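Notes follow once the structure below has been shown.
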Amino acid sequence: MAHVIGREQWAEKPDVWHGEFEGGAFGAEVSVIFYSSDQVGGGPKLHRHPYPEVFIVREGRALFTIGDETIEAKAGQILVAPANVPHKFSNLGPGRLESTDVHVAGAFSTEWLE
């Protein structure tokens, strides 16, 4: 059986790709965060998950910390944070940062470290 999830079910705003989707309820072992921020310096604090997370940078530039590495990423690049490795990112600007963050799990599980 196919599932169609309308934008109003996951998006926080009707005109911005920003929100969350947990696939476990639909039989999918994947969850997605659609991240969008115009705030330079904005982004999630240091955290980790018991599964890998894949970041697809769609627009803008971000400074990622993944474990001991610091990486300046730009639109079109994909980064992978392995399971249990602390990570965070922030918008380097100028302008909007948009990413699609794929969690390899049917539900989010996050341990905040900052």
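Ignoring any ligand, DNA or RNA, what whole percent of the accessible area of the chain comes from carbon and sulfur when the probe is 1.4 angstrom? Write out the running numbers ahead of the final one.
On the way: 3500 of 6480 Å².
Carbon and sulfur together cover 54 percent of it.
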### Query
So how much accessible area does F108 have, in Å² to the nearest 10, using a 1.4 Å probe?
50
### Message
Only Cα pairs within less than 10 Å get springs; with that Gaussian network setup on the chain, which residue of P44, P82, P14 has the largest fluctuation?
### Response
P14
## Note on the structure
Yeah, the chain with a ≥ b ≥ c from its alpha-carbon gyration tensor (a/c under 1.5 is rounded, else prolate when a/b outruns b/c, oblate otherwise) is oblate
### Message
From the helices alone, meaning DSSP H stretches of at least four residues, give me the mean residue ellipticity at 222 nm for the chain, per-run term -39500 (n - 2.57), in deg cm²/dmol to the nearest 500.
### Response
-500 deg cm²/dmol
### Task
Would you please give the residues with an amide H less than 5 Å from that of G23, counting only those at least 5 places away or on a separate chain, with H modeled from the backbone geometry?
V30, S31, V32
### Query
How large is ³J(HN,Hα) for each residue in segment 65-80, as worked out from phi by the Karplus curve 6.51 cos²θ - 1.76 cosθ + 1.60 (θ = phi - 60°), to whole Hz, x for Gly and Pro?
10, 10, x, 8, 9, 10, 10, 8, 10, 9, 3, x, 9, 10, 10, 10
## Note on the structure
Listed by chain and number, the residues whose amide H is under 5 Å from that of R58, excluding neighbours fewer than 5 places away on the same chain and using placed H, are G76, E98, S99, T100
## Note on the structure
If R0 = 30 Å, then K13 and T65, at their Cβ-Cβ distance, give a FRET efficiency to the nearest 0.05 of 0.65
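The values are calculated or read from the model by the stated rules, or taken from the named source; none is laboratory data. Keep in mind that this is a model prediction, so the values were computed, not measured. Reconstructed Cβ throughout: ideal geometry from the backbone, glycine too, with neighbour counts over all protein chains shown. Areas reflect the complete protein model, heavy atoms only, side chains present, ligands, DNA and RNA absent. Shrake-Rupley method; radii C 1.70, N 1.55, O 1.52, S 1.80 Å.
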